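Worksheet: one structure, shown below.
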Amino acid sequence: QQQNSQNLRSKNKMMMNRPQVMRRIVRRLNEHAKYPKTFSPIRLPQSGLVLENRVLMGSMHTGLEEKHGKNGLDEMATFYAERARGGAGIIVTGGVAPNRAGWVLPMAGKLNKKSEAKDHLVVTKAVHDEGGKIVMQILHAGRYAYHPWVVGPSTKKAPINYFKPHALTSSEIEATIADFGRCAELAREAGYDGVEIMGSEGYLINQFLAPRTNSDRTDEWGGEHFENRSRLAVRIARQVRHAAGMKDFAVIFRVSLLELVENGMSFDESLELSKLLEAEGVDIINSGVGWHEARIPTIATCVPRAAFSFTTAKLRKAMQNDSKLLFCATNRVNSIQVLEDLLQNNTADLVSMARPFLADPDIVNKAKYGKEDDINTCIACNQACLDHTFKLLPISCLVNPRAGHEQTLHLTPTSSKLQVAVLGGGVAGLSCAAALAERGHSVTLFEASDRLGGQFVLAANVPGKEEFAETLRYFKHRLNTLKVNIKLSTPITSATDLTSFDKLILATGVTPRQIELPILTNFDQENTTQHKLPRVRSYAQVLEPGAEPCGPCVAVIGAGGIGFDVSEFLISTHDGTNLEHFFQDWGVDPLISQRGGLLPNHTIPPPKRQVYLLQRKAGSFGATLGKTTGWIRRATLKNKKVTMLDSCTYTGIEPGALIIDRPDGTTRLPVTDIVLCAGQLTNDTLLQTLKDSGVDTFVIGGALEAKELDAKRAIDQGYRLAANIEHAKPGDVFNMPTGWKAKALDFLATTFASSKGDKKSTSSKKKKMAASS
């Protein structure tokens, strides 16, 4: 027994001397208790670069990469430095073009000169000073470019572009490859830790890869054979690695794994391409999903979390036996727990999150240190990020107005503590109260109802908008943490209740607009025995959690954002988190059995009930919907057979029907229910009461302007007022700046519309003159 003990001690001593055993023990001791995979370091296989965790901050069009003037890229530097400080393992910038033809827009970010590389030094230094790593995305827009110099593999015009591309010649392709290499070389000189080559989403490289856009060429760069169509991608990867070198310089390649368009790449071609790219020195394959022209949503809030991660898992499994490549999953991952789950089930080696870093730059560190409740969750609404990008507005975030404005918008601790009353517990009031309290002011929040959230509670009840509940969770947690005095079921009726406060903020939101629907008397009397009068309710009464359901046939009056919300609520047979139903509704093939990953012979499940969506004005529906989500919502209603009728006059109701008049005559709609979504009115009845108190009074959100339901504006106004409360004058309103680019775009659009109108007017006059002649 003594001999056995000695042998065991000797064996243990030998084991402890083995370096690999020691490393394994140290790694186990340092393992994060809740997110062990997320917070384990990883070495890139080709470059040897080591990342401290598995979180990749994905590329976004921020507009910060194209700043010009004396401050150059300072705002970009501040923006990414905050995300590095917040714990991102590696950051990928927004797309930077390798040449002028590759610009997304005129004067967009470009890197092909040493002087431009010098501009980026401030960015890389800021990130490295925070202990982070950052790579620059090289993006050539190809036929997606909005300018006259647009190029592509062929002259096929993109359905989302006005410009017809010039088909690149062989010599121009060789020059483009050289430009990619030069861009990567300059990126290294600028201090970047690597580059990501954008090869998906329908941009130039993807255009060469897919038969959809590159089937007509007869040379070595396209046509029927994938060897030719993949030549550009492979040559670019080779040139980039050769120009930038191998050691400590990451090369990431964004490969399209699920095209979601007809005649796109097949999965087998994505697999073959990944193998070719590994041979050229690529470290990471970052998953690309969908083209911009695809008619299937990929990142909007209606997409279930991590819906497309199966593509990464499929590729990783197909390559894992003979590959050292790392694979990155992406799209609609907005929680560290979801990220950890993807890593634990071997879906990916890294996971990309982009917009969640807009919502909360500290999302990684908050999870690391057990402060998940403090995370401001991205709700994938697109309203202040992607919508702003396409409107040339400064990028920001609906739930975090400071995003994109890090140099100008600060919640600095106050030197003069104020007693502030916020009246209204909708998102405008919640945002303002939280920001005021964060600065150190004493805040009392009055809410007339028995709950917080206002209209946002209703929105969160719409299938596909479940994420909105996360914003309410976050604000409620912040108010409790900051010890805001919350008074529910406390309506204010007298100015004397408020005289003890230094500042008053009215954030009482909106009330639904009512319309009169007279009961008609000249109907068929037999209907009274067979049918009841349609039940008429406001959208708030229908969307209220626990409300009595509508009957089998419903008329929705009003086709703004609320009308679309209610229609989607009425037709849905399931909530928005069901992945199987999402794929079925949109025709996505999770097996990727055919090119593009679209289901063959796709049939859409029937809606829950018949819905009529009505509007007074003539013309198209959903004109005020989001720039990047409106098409999704219109397609949803179309797919579910919602009947849309414009130019409606609402004559009245009779048993079992709504009677409307349209230019083509009177129509009797057989309905059981009518939902009023005919706009909102400002709920500012307390305004005079507040002014009578003699205390400085401010109005924000819907109480100030009831146009649509604009949570982005409401949250932003509350936040900005809180940041400026000491110096604000009664009645001041603080809004997000629009920037010169958006103003220029509006000017051009107005000028174009005016000139178009003049031409029509002139043409009309000529026709009249000709007729009289």
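What is region 435-499's relative contact order, in percent, from Cα pairs under 8 angstrom and six or more apart in sequence?
50
Looking only at region 357-378, which residues have a backbone nitrogen under 20 Å from a spot 7 Å from the Cα of Gln344 in the C-beta direction?
From region 357-378, the list is 364-375.
Over region 423-554, what percent of the accessible surface lies on carbon and sulfur atoms, probe 1.4 Å?
Carbon and sulfur atoms account for 50 percent of the accessible area of region 423-554.
Per residue, how much accessible area does region 494-639 show when a 1.4 Å probe rolls over the protein heavy atoms, in square angstrom?
50
Based solely on its DSSP helices, what 222 nm [θ] is calculated for the chain when runs of n ≥ 4 H residues each add -39,500 (n - 2.57) and the sum is averaged over all residues, nearest 500 deg cm²/dmol?
-10500 deg cm²/dmol
Give me the percent of the accessible area of region 88-217 that comes from carbon and sulfur atoms, probe 1.4 Å, all protein chains in place.
For region 88-217, the apolar C and S fraction of the accessible surface comes to 55 percent.
Considering only the other residues whose Cβ falls under 15 Å of the Cβ of Leu271, what net charge follows from Lys and Arg at +1 and Asp and Glu at -1?
It works out to a net charge of -1.
Excluding His602 itself, calculate the net charge of residues whose Cβ lies under 13 Å from the Cβ of His602, where each Lys or Arg counts +1 and each Asp or Glu counts -1.
-2
Determine the relative contact order of region 85-181: mean sequence separation of Cα pairs under 8 Å and six or more apart, normalised by residue count, in whole percent.
Relative contact order comes out at 30 percent.
Which percent, to the nearest 5, of DSSP beta bridges fully inside the chain are antiparallel?
Approximately 20 percent, going by the DSSP bridge assignments.
Quick one, which of [x] 36.8, 115; [y] 35.6, 118; [z] 29.0, 124 is the actual Rg and Dmax of the Cα atoms in Å calculated for this model?
Comparing each candidate, only [z] matches the computed number.
Could you give each residue of region 126-140 its phi-based ³J(HN,Hα) in whole Hz, using Karplus coefficients 6.51, -1.76, 1.60 with θ = phi - 60°, and x for Gly or Pro?
Values per residue, Gly and Pro as x: 4, 6, 5, 4, 8, x, x, 10, 9, 10, 9, 7, 9, 10, 9 Hz.
Using only the Cα atoms of region 640-686, build the gyration tensor, take square roots of its eigenvalues as a ≥ b ≥ c, and label the shape rounded, prolate or oblate: rounded if a/c is under 1.5, else prolate if a/b is larger than b/c, else oblate.
Prolate, because a/c is 1.5 or more and a/b exceeds b/c.
Place +1 on the Cβ of every Lys and Arg and -1 on the Cβ of every Asp and Glu in the chain, take the dipole about the Cα centre, and give the residue among Thr499, Tyr203, Ile336 whose Cα lies farthest towards its positive end.
Going by the charge dipole, the pick is Tyr203.
Return the Rg/Rh value of region 56-166, two decimal places, where both radii are evaluated on C-alpha atoms and Rh is the Kirkwood radius.
Using Cα coordinates only, the ratio equals 1.03.
If you fit an axis through the alpha-carbon atoms of helix 2-16 and take the longest principal axis of the Cα set of the chain, what angle between them do you get, 0 to 90°, nearest 10?
80
Against the longest principal axis of the chain, how steep is helix 468-481, in degrees 0 to 90 to the nearest 10, with axes from Cα atoms?
That works out to roughly 90 degrees.
Lys/Arg Cβ at +1, Asp/Glu Cβ at -1, dipole of the chain taken about the Cα centre: which of Gly152, Leu686, Gly656 is farthest positive-ward?
Farthest towards the positive pole: Gly152.
Assuming a ≥ b ≥ c are the square roots of the Cα gyration tensor eigenvalues, decide whether region 241-379 counts as rounded (a/c under 1.5), prolate (otherwise, with a/b larger than b/c) or oblate.
oblate
Using a probe of 1.4 angstrom, how much of the accessible area of region 297-419 is carbon and sulfur, in percent?
47
Please tell me the relative contact order of the chain in percent, rounded to the nearest whole number, where contacts are Cα pairs under 8 Å and at least six residues apart.
11 percent.
Please work out the average accessible area per residue across region 243-295, using the 1.4 Å probe convention, and give it in Å².
It amounts to 28 Å² per residue over region 243-295.
The values are calculated or read from the model by the stated rules, or taken from the named source; none is laboratory data. Computed from a predicted model, the values in this text were never measured in an experiment. For neighbour counting, all protein chains shown are included, and Cβ atoms are generated from backbone atoms with ideal geometry for every residue, glycine included. The area values use the complete protein model at the heavy-atom level, side chains included, leaving out ligands, DNA and RNA. Shrake-Rupley method; radii C 1.70, N 1.55, O 1.52, S 1.80 Å.
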